Structure formats: C-alpha cells, structure tokens
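The values are calculated or read from the model by the stated rules, or taken from the named source; none is laboratory data. These numbers were taken from a predicted model, which means no experiment stands behind them. Cβ: placed from backbone, ideal geometry, glycine included. Neighbour counts: every protein chain shown. These area figures cover heavy atoms from the full protein model, side chains too; ligands, DNA and RNA do not enter into them. Shrake-Rupley method; radii C 1.70, N 1.55, O 1.52, S 1.80 Å.
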Amino acid sequence: MVRSFLGGAFANTAFSLLEPDGETRLTGSGRGPNQVLKPGRRGPRSADADDSIVIEEMTNIARRFRPKGDLTDQTLQDFHTFRQALNVASADQRLLLFVVSPETSHSEVKDKLQPVMADSAVIGRFHVDFADQNTDQEWDEKIQRSNNKAGYFIIRADQFGQSGSVMNYLPLTSSGNQVKAALLEANREFADTEERKNYGDHVSLGRRERIYFENEMPYGEDRDGDGVIDHGAIIRQGSKGKGKGKGKGR
Amino acid sequence: MKIASAFIILSILLPPSLSDAQRSGGSKGGVRPTDIGAGTQPIGAESIMWYTTWDTALTEAARSNRPIFFMAAAATCSGISGVF
C-alpha cells in the first residue's frame, strides 16, 4: 500500500489525503503534507514549510465533506498487536487502555467504551487496544502488576515501549463512568511524573543500550522502487543510472 | 474548523528503518536524529486522536463521512522503539 503512494518505492514516510471510501485520492502523494500540498506553488520555495498554506489547503478539502453521525458512536482504536500498541503509547507518551475480554463480550464492551473514549475529557489523551487471541496471548510477559484476568488494564509504557506496568485494573463489569474516572486519575499521575522525551537523547540512549524493535515487515527502505529493500545507501551514478551499495554511513 | 477533527487521521506503522541522516552518513538527507529535541505538547493533554490500522480508519471514515489523512511512518528510529 505504501508503495502505491510513492511511485513503487518504499520509504519510512508516505502521505496522501483520501475520500472516505479510502480509494479516491483527494491530493497527490509523497513523503509528507508539505511536499504534497505544495506551498511552493504560490511563491518561491523556502526551507521552512509554510504550514499555514497547508492548513488552508486541508481546510478547503475538509469543507467538501459534511460529517455525519454522532461522536459517541465513533469506531474505537485498535492495534494489530499489543507489542505495537505499547510501542506507540511510549512514543506518543500516552497511557494505553488495554482491554482483555472474551469474544462474546466484545460488542458489549465496545458499546460501553465508545462514549467514554469520545468524552471531551478523555478523547485524544489515551490509546486503546483490544487483546487479540492469536497475537496477544503473552501480552503481560513484560508488564508489571498484570494479572491473567479479563478486564480493563491502564498501562504505562516504559521509555522504549517494550515493557511497562499496570497503573490500574478494572473488571469488565465496571461502568463507563468508573472506567472514565480511572483513566483520568491515572492520566493526572502520568502527567505529574512523566517527562517529555528528548528525541535525540532517546535515540542516543537507545543506541548505547542496543535497543531494537523486531518487526514482521522487512527492515529498511526501497528508495529506487525495484522491489528490493536497500541495505545501504543508494549510490547515484549520474547518467549511468543508479545502483545500491553498502554505504559508508551505517 | 478544527482540522484534526475534520479528517480521519490514519497512520500506518512501518518497520524499523535507517534514518536519512544515518543512511547518508549525516552529511545530507535531513535533520540528524540527535539534533531533534523534545516536543512541546504537555504530557496528558488532549492531542490528535488517530487510528493505527487501515480497517478501523476506513470504518470510521465511512461512518462519519470524513476524508482520510493518510500518513505512513516508522514507529521507530534506527530500529529504536518508543519514538516516532
């Protein structure tokens, strides 16, 4: 899918705006909004992205659509795996609400959580993930204070998002208001005790500690779109074309 | 109009990848990871509500008739987790 947005290449970012059907493109595609929405079309290009023009372009596109439905019926977030949810919660520095429930209770639990997660005091402050029977069986292996029960787990990811701890646990029988109250209380404690990460320091520490996140997808990018992941810098060879080398910068 | 709520924000999470700066030896290709500082968003404050799978984003876009802001990004830097 990413390749379709980058002319066959595969890189670590890709962007486009799409209609609600998910198929029709509203804009071109590229590595990011500033590249695609082309502030440069209105004047000379500058090193600094003209965010106000990007916002204006997006506002104009959004005006073409009339939103429908109630926010309290919104689709709940879910991740492919608990591992990825924990990683993202760490990266975004938000708490993770992890829901473990029997399949027969999914619908009931989601009905209860939808208005909670749409609440103005809650929305945009947490990530939500539902346990998957196939991929998340050993979800609590590296989570402190976990238990092997069904319920709502409010989890604080650690610095590198590969382990964490349960801040609070509520049984599935808890009401929506009880879940909301627990989330807000945990978020207050989190805000008081968590420091905003410094990207550079985080990466430096990760290198020293040899942190690595295993992923099922292949490692690297395919910038020339030949279908093969580049395991080094692409060496441009001028009019002779381009090739792939090992790259001295690794 | 609040832009973030006017779109369904979808970010497809990509695998670990060498950063531009690493790949080019740091001489070109953008900002070096070690030069990027801290975000300014207060911890615990409201931020963008976004979807991390295509299925959930598409379902919500169809339900609410909002366009999709599609962004694919690696949820790691140089294979290091816990950072975008």
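Key figures for this structure:
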| item | result |
| --- | --- |
| Region A:46-84, residues that are of a type in the set (Lys, Arg) and not in a helix (DSSP H, G or I) | A:Arg63, A:Arg64, A:Arg66, A:Lys68 |
| Residues located in region A:41-63, provided they are open to solvent by 100 Å² or more (accessible area, probe 1.4 Å) and modelled with pLDDT of 90 or more | A:Arg63 |
| Any hit, region A:156-176, residues being part of a helix (DSSP H, G or I) and either within 14 Å of chain B (Cβ to nearest Cβ) or modelled with pLDDT of 90 or more (or both) | yes |
| Residue list for region A:200-212, filter: farther than 11 Å from B:Ile80 by Cα and open to solvent by 40 Å² or more (accessible area, probe 1.4 Å) | A:Asp201 |
| Count of region A:85-131 residues which are surrounded by fewer than 21 Cβ atoms within 10 Å (Cβ to Cβ), without any contact (Cβ under 8 Å) to a residue 60 or more places away in the chain, of a type outside the set (A, V, I, L, M) and not in a strand (DSSP E or B) | 11 |
| In region B:45-77, residue most open to solvent (accessible area, probe 1.4 Å) [restricted to those that are over 18 Å from A:Thr72 (Cα atoms) and in a helix (DSSP H, G or I)] | B:Asp55 |
